[in-house]
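J.: Submitted below is the structure of interest, expressed as structure tokens.
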Amino acid sequence: MHNSEEIIDKAIIFVKEILENAEGGHDWFHIERVYRNTLLIAKTEPVDKFIVSLGALLHDIADSKFYNGDETIGPKIAREFLFELNLDSKVIEHVINIIKHISFKNSLEKNSNFTSKELEVVQDADRLDAIGAIGIARCFNYGGFKNRTLYNPDIKPNLNMSKTEYKNSTAPTINHFYEKLLLLKDKMNTKTGKQIAFERHTFMEKYLVQFYKEWKGEK
């Protein structure tokens, strides 16, 4: 068995290479922030640090948004990478399950049957990067990448989207705050995740108040 630090280092090199030309909200720096958040949250949760580290590092190597919605590519690449390292099959399966179940859109499916403390930690870490100042920046960056309007008062947020509707949405970027970002605070799994999310959530609410003021030309 290799030592775990060696494997983590290999995973970092691997992910950096894969995400070299990624869209700005889903690049290596996103992974690095999620990895840091994961280690922070893991300090107060009874989890396998090795599994959460690998889950965080490999969770976005092929985000389905950039592969015509194909959700099988990320887990497939991750599995091949982990298999080559001769890791225990239980470890591989756990990491792959984290990658498959981490996303917000998959949480819209009612039949998800995989749960683990490790998934909860990595999921919180990933969701923290979708809210607050960085969450706002990533949201508009992706909106620009998809050439979406910033805001259109005539297009109301859809709060009851199915997973398919969510994936195919072309709504203005501001709607995404209501359809996802502002919902994340109450979906956090861990105590640390909830504490950090609360502060970032409040920041987003203030941002929206300011945004609408400027939109209407108010003082």
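J.: So which residues in segment 25-51 are in a loop (DSSP other than H, G, I, E, B) and not acidic (Asp, Glu), if there are any at all?
T.: Lys43, Thr44, Pro46, Val47 - these are the residues of segment 25-51 that are in a loop (DSSP other than H, G, I, E, B) and not acidic (Asp, Glu).
J.: Restricting attention to segment 183-219, and to residues there that are in a loop (DSSP other than H, G, I, E, B) and in contact with a helix residue (DSSP H, G or I) (Cβ under 6 Å, 6 or more places away or on another chain), which single residue is surrounded by the fewest Cβ atoms within 10 Å (Cβ to Cβ)?
T.: Among residues in segment 183-219 that are in a loop (DSSP other than H, G, I, E, B) and in contact with a helix residue (DSSP H, G or I) (Cβ under 6 Å, 6 or more places away or on another chain), the one surrounded by the fewest Cβ atoms within 10 Å (Cβ to Cβ) is Asn189.
J.: Can I ask one more? Any residue that is over 30 Å from Tyr212 (Cβ atoms) and either free of Cβ contacts under 8 Å to residues at least 60 places away in the same chain or not aromatic (Phe, Trp, Tyr) (or both) - is there at least one of those in segment 125-148?
T.: Scanning segment 125-148 turns up at least one residue that is over 30 Å from Tyr212 (Cβ atoms) and either free of Cβ contacts under 8 Å to residues at least 60 places away in the same chain or not aromatic (Phe, Trp, Tyr) (or both).
J.: Considering only residues that are at pLDDT 95 or above and under 16 Å from Asp126 (Cβ atoms), which ones fall in segment 46-63?
T.: Within segment 46-63, Val47, Ile51, Val52, Ser53, Leu54, Gly55, Ala56, Leu57, Leu58 meet the criteria.
Each row is one residue, and each column tells you yes or no for (1) within 26 Å of Ser169 (Cβ to Cβ); (2) of a type outside the set (Asp, Glu); (3) over 18 Å from the mean Cα position of the chain (by Cα).
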residue	(1), (2), (3)
Phe14	no, yes, yes
Glu17	no, no, yes
Asp27	yes, no, no
Arg79	no, yes, yes
Lys90	no, yes, yes
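J.: I need the full set of residues from segment 133-154 which are of a type in the set (A, V, I, L, M), over 10 Å from Ile174 (Cα atoms) and surrounded by fewer than 14 Cβ atoms within 10 Å (Cβ to Cβ), in order please.
T.: Residues satisfying the conditions are Ala133, Ala137.
J.: Scan segment 157-182 for residues that are polar (S, T, N, Q), in a helix (DSSP H, G or I) and either surrounded by 14 or more Cβ atoms within 10 Å (Cβ to Cβ) or more than 19 Å from the chain's Cα centre (by Cα) (or both) and jot them down.
T.: Thr173, Asn175
J.: Oh, and also: Of all residues in segment 101-115, which are surrounded by fewer than 18 Cβ atoms within 10 Å (Cβ to Cβ) and modelled with pLDDT of 75 or more?
T.: Result: Asn113, Phe114, Thr115.
J.: Need the failing condition index for Phe66 against (1) under 18 Å from Ser116 (Cα atoms); (2) of a type in the set (Phe, Trp, Tyr); (3) modelled with pLDDT under 95, just the number.
T.: The number of the failed condition is (1).
J.: Ok, one more. Within the set of pairs 6+ apart or on separate chains, which have a first residue in segment 45-60 that is surrounded by fewer than 24 Cβ atoms within 10 Å (Cβ to Cβ), a second that is not in a helix (DSSP H, G or I), and C-beta atoms under 6 Å apart?
T.: The qualifying pairs are Glu45/Thr190.
J.: Return a yes/no flag: does segment 22-41 have any residue that is modelled with pLDDT of 95 or more, aromatic (Phe, Trp, Tyr), within 16 Å of Leu128 (Cβ to Cβ) and buried (at least 16 other Cβ atoms within 10 Å of the Cβ).
T.: Yes: one or more hits.
J.: Look at segment 1-15 and say how many of its residues are surrounded by fewer than 18 Cβ atoms within 10 Å (Cβ to Cβ), touching an Asp or Glu at 6+ places or on another chain (Cβ under 9 Å) and under 17 Å from Ala78 (Cβ atoms).
T.: Of the residues in segment 1-15, 1 are surrounded by fewer than 18 Cβ atoms within 10 Å (Cβ to Cβ), touching an Asp or Glu at 6+ places or on another chain (Cβ under 9 Å) and under 17 Å from Ala78 (Cβ atoms).
The values are calculated or read from the model by the stated rules, or taken from the named source; none is laboratory data. None of the values given here were measured: they were computed from a predicted structure. Because the Cβ atoms are built from the backbone with ideal geometry, glycine has one as well, and the counts that use them run over all protein chains shown.
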